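These notes are about the structure you will find just below.
The values are calculated or read from the model by the stated rules, or taken from the named source; none is laboratory data. Model, not experiment: these values are computed from the prediction. Neighbour counts are summed over all protein chains in view; Cβ atoms, including those assigned to glycine, are modelled from backbone coordinates with ideal geometry.
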Amino acid sequence: MNHEPTIFDKIISREIPAEIVYEDDLCLAFNDINPQAPVHVLVIPKKPIVSLAEISEQDAPLMGHLLVVLSKIAKQIGLESGYRTVLNTGPDGGQEVNHLHFHLLGKRALKWPPG
Ligand code: 5GP
């Protein structure tokens with residue numbers, strides 16, 4: 001299911017600015033406006049998917065691509081000592097923007113379990 005345009009669609013179309021760290025035909029990565037760690041990057045598909053709850057089998061290559069991109073960005077930034085990838089889904093998952101996005105958090109020791 002496609003979604004109502006969100007702030008992330010406006011970042012994709014450059015209607016609003018963002019610190020873009022990576023882009024290809026399928027996805028965009030940019031710094032989070034309210035970083036929760038020294039490195040906090042969001043990786044989003046250009047396809048308007050609402051959340052993980054909305055994906056289908058045909059999205060499998062795209063989802064795999066997003067993970068490969070996350071890994072490449074983490075290497076580029078130099079997160080040798082590790083990092084966390086987070087995919088919040090729905091209200092109980094803490095998802096605020098209804099456009100699927102991975103968080104990439106690094107450069108500090110992160111606690112587990114999350115709150
Ligand atoms: P969620 O809570 O949906 O998993 O994460 C949404 C994230 O998007 C939050 O970490 C929030 O700080 C970030 N965010 C919301 N609006 C903007 C924006 O306009 N620009 C950027 N760069 N990040 C945003």
- Message: Checking Glu80 against (1) in contact (Cβ under 8 Å) with a residue 12 or more places away in the chain; (2) assigned to a loop (DSSP other than H, G, I, E, B): exactly one of these is not met. Which one?
- Response: (1)
- Might you check whether a residue that is part of a helix (DSSP H, G or I), away from the ligand (no atom under 13 Å from the Cβ), aliphatic (A, V, I, L, M) and modelled with pLDDT of 95 or more occurs anywhere in the stretch 7-18? no
- Task: Please enumerate the residues belonging to the stretch 78-104 that are out of contact with any Lys or Arg (no Cβ under 8 Å at 6 or more places or on another chain), more than 15 Å from Pro48 (Cα to Cα) and among the aliphatic types (A, V, I, L, M).
- Result: Val86, Leu87
- Which condition breaks for Ala53 when tested against (1) in a loop (DSSP other than H, G, I, E, B); (2) in contact with a Gly (Cβ under 9 Å, 6 or more places away or on another chain)? (1)
